[in-house]
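Reading through the structure tokens given below for one structure.
The values are calculated or read from the model by the stated rules, or taken from the named source; none is laboratory data. If you're wondering where the values come from, they're calculated on a predicted model, not measured in any experiment. Note that each Cβ is placed from the backbone with ideal geometry, even for glycine, and that neighbours are counted across all protein chains shown.
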Amino acid sequence: MKTRFRVCLLLLLFVNTAPAADFPQAEISNGRVLAKLYLPDAQNGYYRGTRFDWSGVIASLECNAHSYFGKWFEHYDPKLHDAITGPVEEFFTNGAGLGYAEAKPGETFVKIGVGALRKPAEPSYSSFNTYEIVDSGKWRVKKDKDWIEFTHQLADTAGYAYTYRKRVHLPNGKPELVLDHSLKNTGRKAIATHTYNHNFFMLDGQPSGPDFVVKFPFDLRATSDLKGLAETRGKELAYLQELQKGQTVFTYLEGHGSSSRDYDIRVENRKTGAGVRQTGDRPLSKFVFWSIRSNISPEPYIEMHIEPGKEERWMIRYEFYQLPTVGAK
């Protein structure tokens, strides 16, 4: 009886930990970088929440014998707002979605990269809510060995419509990842939006703490109390202690200018030697930093205003590197 119980328990554990293999996914590599991605799918996709853009969800990425992304959360539900991994993006309009403020309860608004959502009777929009998806739009995916491209088209929703493309590319022979974006306004109303990349860095699975440093090209000003967990030191944010479960570092970071040169962030772990540099080709509109024990999330925001018939393009680049001296403090 005990043996049978153990077998049943092992089978149950396997079922609970193995479902990722059933989600639509793809793999790309350039010989230096290996990335595994979850694909958008309204019925079977790994992520079916309504906060983040569904395209380019990176399940894992390895380079130079280091890992950079992974599952940072404990509880998984495909419709949970943040049950997602990798350098994922979210689009905001006035702290909500396109048309949210004008929509009445029961009517629809738009989250770019997700689709048309139904507005419930609620006091205000919340990224942490999961909204009913009325129209998830049309997704197309094209792939080669070292790139994958996602196209999302949404038909007219209260005057808003778009074609959104994201190409995830591993440049030939380089320890790099490039995210090329375009957003074309095919609707009747202008698209005014902020978008940011949450990142969810997990360098070698190391806990957030003094082995990490986050570097910027400008002098930092934290707007919130970091509660003795971290501090700004000129152009760097450093941890004062290893974060424990339940501890959070959160703040807006000020000090950047109006040039895209300030969109330049480095996250380094001096214990394992893993480093990553993130750059963008658009000026920062604001900057948020969020971290818990399992991940470090510098969140750079950019702003766009797209008139009907017009298109915007932008790029984010990640360079993965090895620190010259592992263990140096």
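Residues in the stretch 256-282 that are without any contact (Cβ under 8 Å) to a residue 40 or more places away in the chain and surrounded by fewer than 17 Cβ atoms within 10 Å (Cβ to Cβ): GLY257, SER258, SER259, SER260, ASP281.
When the residues of the stretch 87-146 are filtered to those that are part of a loop (DSSP other than H, G, I, E, B) and among the charged types (D, E, K, R), which remaining residue is surrounded by the fewest Cβ atoms within 10 Å (Cβ to Cβ)? Restricting to residues being part of a loop (DSSP other than H, G, I, E, B) and among the charged types (D, E, K, R), the top hit is LYS104.
Suppose we filter the stretch 24-79 for residues that are among the hydrophobic types (A, V, I, L, M, F, W, C), crowded, with 16+ Cβ neighbours inside 10 Å and farther than 17 Å from VAL134 by Cα; how many remain? Counting residues in the stretch 24-79 that are among the hydrophobic types (A, V, I, L, M, F, W, C), crowded, with 16+ Cβ neighbours inside 10 Å and farther than 17 Å from VAL134 by Cα gives 12.
Which of the residues spanning the stretch 96-123 are touching a residue at least 24 places away in the same chain (Cβ under 8 Å) and among the small types (Gly, Ala, Ser)?
Restricting attention to the stretch 96-123, the residues satisfying the condition of being touching a residue at least 24 places away in the same chain (Cβ under 8 Å) are 96-100, 102-103, 107-117.
Scanning the stretch 96-123 gives ALA96, GLY97, GLY99, ALA103, GLY113, GLY115, ALA116.
Scan the stretch 291-309 and give yes if some residue there is among the hydroxyl-bearing types (Ser, Thr, Tyr), surrounded by fewer than 17 Cβ atoms within 10 Å (Cβ to Cβ) and either assigned to a strand (DSSP E or B) or touching a strand residue (DSSP E or B) at 6+ places or on another chain (Cβ under 6 Å) (or both), otherwise no.
Kept after step one, since they are among the hydroxyl-bearing types (Ser, Thr, Tyr), are these residues of the stretch 291-309: 291, 294, 297, 301.
Checking which are surrounded by fewer than 17 Cβ atoms within 10 Å (Cβ to Cβ) leaves us with none.
Among the residues of the stretch 291-309, not one is among the hydroxyl-bearing types (Ser, Thr, Tyr), surrounded by fewer than 17 Cβ atoms within 10 Å (Cβ to Cβ) and either assigned to a strand (DSSP E or B) or touching a strand residue (DSSP E or B) at 6+ places or on another chain (Cβ under 6 Å) (or both), which makes the answer no.
When each of THR130, THR151, THR157 is tested for being more than 16 Å from the chain's Cα centre (by Cα) and farther than 27 Å from TRP314 by Cβ, the lone residue that passes is THR130.
A quick yes/no check of all residues on (1) over 25 Å from GLY246 (Cα atoms); (2) part of a loop (DSSP other than H, G, I, E, B); (3) in contact with an Asp or Glu (Cβ under 9 Å, 6 or more places away or on another chain):
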site: ARG51; (1), (2), (3): no, yes, yes
site: LEU61; (1), (2), (3): yes, no, no
site: TYR68; (1), (2), (3): no, no, yes
site: TYR76; (1), (2), (3): no, yes, no
site: ALA83; (1), (2), (3): no, yes, yes
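Whenever a residue of the stretch 186-202 is within 13 Å of PHE287 (Cα to Cα), its partners that are assigned to a loop (DSSP other than H, G, I, E, B), lying with C-beta atoms within less than 7 angstrom and at least six residues away or across chains, give the pairs HIS194/SER285; ASN197/PRO87; HIS198/VAL88; ASN199/PRO87. Filtering the stretch 147-185 to residues that are under 21 Å from GLN278 (Cβ atoms) and either free of Cβ contacts under 8 Å to residues at least 60 places away in the same chain or surrounded by fewer than 18 Cβ atoms within 10 Å (Cβ to Cβ) (or both) leaves TRP147, GLU149, ARG165, ARG167, HIS169, PRO171, ASN172, GLY173, LYS174, VAL178, ASP180, SER182.
Among the residues of the stretch 300-315, are any closer than 29 Å to ARG32 by Cβ and more than 17 Å from the chain's Cα centre (by Cα)? Yes - at least one qualifying residue is present in the stretch 300-315.
Could you list all residues from the stretch 244-271 that are in contact with a Gly (Cβ under 9 Å, 6 or more places away or on another chain) and assigned to a loop (DSSP other than H, G, I, E, B)? Scanning the stretch 244-271 gives TYR263, ARG270, LYS271.
Taken over the stretch 186-205, the criterion of being surrounded by fewer than 19 Cβ atoms within 10 Å (Cβ to Cβ) and within 19 Å of the chain's Cα centre (by Cα) is satisfied by HIS194, ASP204, GLY205. Test GLY106 against the stated conditions and say whether it is out of contact with any Phe, Trp or Tyr (no Cβ under 6 Å at 6 or more places or on another chain) and either within 28 Å of LYS271 (Cα to Cα) or modelled with pLDDT of 95 or more (or both). Spelling it out, GLY106 is indeed out of contact with any Phe, Trp or Tyr (no Cβ under 6 Å at 6 or more places or on another chain) and either within 28 Å of LYS271 (Cα to Cα) or modelled with pLDDT of 95 or more (or both).
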